[in-house]
Every structure is written in structure tokens, then in C-alpha cells.
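Undergrad: Below you will find the structure I want to go over with you.
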Amino acid sequence: MNTLIFNGSPRQQGDTVALIGALTASLSGRADIVGCYRARISPCVDCRACRARFSCAIDDGMSEVYRLILASDNIVIASPIYYSELTGRMLDVLSRLQPGYYARGRGEAGFSNRARRGGILLAGGGDGSPADAITRARILLRAMGCNEISEPVMSLKTEVVPAAMDAEALAAAAALGRAWSAGRS
Ligand SMILES: Cc1cc2nc3c(=O)[nH]c(=O)nc-3n(C[C@H](O)[C@H](O)[C@H](O)COP(=O)(O)O)c2cc1C
């Protein structure tokens, strides 16, 4: 089982990383993590080369990520909430999913080359609703061919209780890993 995790946090020991750690500890198979802040991946510049072919004109770290998406059984979007959204770097990296959009328009599978599950891990300080971030994460997971998307795992008061101390959120992340390992959503 291959799991691909997009980490949208700049903090190397932060709340999102704590949730990712709880998930991966109970996950079987291989897990690859794309650290959006450290990956050398540029945003889409809408050059439109991918209108004609399922590939990107920009030659950077995203080439490997495309391979990981196509080989994945599970994909996770894990991010802090910034201004009620996923972080800008997460959106930059995932703007490069555009080849999949045009592939589907041409009647090709694109990133929907196989059935795969999606998961959402969110950390928030406690200010406002996660609804917009959840909506965006679901759109992006569907763009990567995730046909079953699990309930979001969230630690939403990290200013008061850091995710690493949020027993409920850590348990939910671990439960997601166990469910996927057992072949459930
Ligand atoms: C620029 C910025 C914007 C933020 N906006 C929100 C927000 O809208 N809602 C919220 O609950 N927390 C917000 N936060 C707090 C972070 O989501 C919170 O500290 C989170 O736990 C950080 O996760 P990390 O340690 O994985 O980076 C914001 C933080 C920053 C730096």
C-alpha cells in the first residue's frame, strides 16, 4: 500500500507534523511525504502545454510527485489553516495538478488511473471555521483521483492544546491509518 502525504506546514515540529506522525505510525506499507515549503516545486503558470498532453512543461520536483500520485493507493492533504484556507504553498504545489484536469477533458484517465482513498489532516489555532479548507482539500483530492474521502481529522485549538497533546485528534489520525491498512475508508 502506497500513501502519499502533502504537508502544507512550514514548521518542522509543528501541529501538522504531529498529526502526520500519528497517522504514519499506524499505517502499513510505504509512505512518502511532500513537504510543500521545502520541495523545489514552482506554481502553475497556466502555460497550457498540458492541454495537449498529460505532462507539465515545468521540469522540477513535481515530476517525481506525479509518479507518486499515479502509484498511490491513498493521498493525504495535511495542512495548518491560514486565514481559513490551506496554506498558500500547498495551493502552489497542487496548482500543478492541471495536467489531470485537461486529461479528463480529453477523455483520458489522468490521475484517475486507479481507485484511491483520500484523507484530510488540519491544524488550526482556534480562529474561525475549517469549512473552506475542507472544501478545497476535497476538491484537490478528487483532482488526484480520490474517489473515497474520509472524514477530516482536525486539531483546531492548537493555541491552547498543541496537536501533539490533542489525544482525540491523535487517536483519529491513528484510526485512519489502521482503517486504511485494513482496507477500509
Ligand atoms: C498566517 C497564519 C494564518 C493563520 N490563520 C488561521 C486561521 O484562519 N484559523 C485558525 O484556526 N488558525 C490560524 N492560524 C494558526 C495555525 O493554523 C495554527 O497555529 C496551526 O496549529 C499551525 O500548524 P503547524 O504547526 O503545523 O504549522 C494561522 C497561522 C498563521 C501563521
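Undergrad: Any chance you could give the angle, 0 to 90 degrees and rounded to 10, that helix 167-181 forms with the longest Cα principal axis of the chain?
TA: For helix 167-181, the angle is close to 40 degrees.
Undergrad: Let me see the pair-distance distribution of the chain: every alpha carbon pair, 5 Å bin width, integer percents in order.
TA: Once binned at 5 Å, the Cα pair distances of the chain give 1, 9, 18, 21, 21, 15, 9, 4, 2, 0.
Undergrad: For the chain, with the dipole built from +1 on Lys and Arg beta-carbon atoms and -1 on Asp and Glu ones, taken about the Cα centre, which of Gly110, Gly88, Leu156 lies farthest toward the positive end?
TA: Gly110
Undergrad: Under a Cβ-Cβ cut-off of 15 Å, what is the net charge of the residues other than Glu151 that fall near it, where Lys and Arg count +1 and Asp and Glu count -1?
TA: With Lys, Arg at +1 and Asp, Glu at -1, the neighbours total +2.
Undergrad: Moving on to the next point. Give, as a single signed number, the net charge of other residues whose beta carbon lies under 15 Å from the beta carbon of Gly119, with Lys and Arg counted +1 and Asp and Glu -1.
TA: Taking every Cβ under 15 Å from that of Gly119, the sum is +3.
Undergrad: Could you tell me how many degrees, from 0 to 90 and to the nearest 10, lie between the Cα long axis of helix 15-25 and the main elongation axis, the longest principal axis, of the Cα atoms of the chain?
TA: 80
Undergrad: Here is a further query. Which listed residue (Ala173, Leu122, Gly35) has the Cα farthest towards the positive end of the charge dipole for the chain, taking +1 on Lys and Arg C-beta and -1 on Asp and Glu C-beta about the Cα centre?
TA: Going by the Cα projections, it comes out as Gly35.
Undergrad: Further question on the same structure: Where nothing but the Cβ of Lys and Arg (+1) and of Asp and Glu (-1) is charged, how large is the charge dipole of the chain around its Cα centre, in debye to the nearest 20?
TA: Result for the chain is approximately 720 debye, rounded to the nearest 20.
Undergrad: Which of Gly107, Gly118, Gly126 moves most in a GNM of the chain, Cα contacts under 10 Å?
TA: Greatest mean-square fluctuation among the candidates belongs to Gly107.
Here, each number is a calculation from the coordinates, and none is a lab measurement. All values derive from a computational prediction rather than experimental measurement. Because the Cβ atoms are built from the backbone with ideal geometry, glycine has one as well, and the counts that use them run over all protein chains shown.
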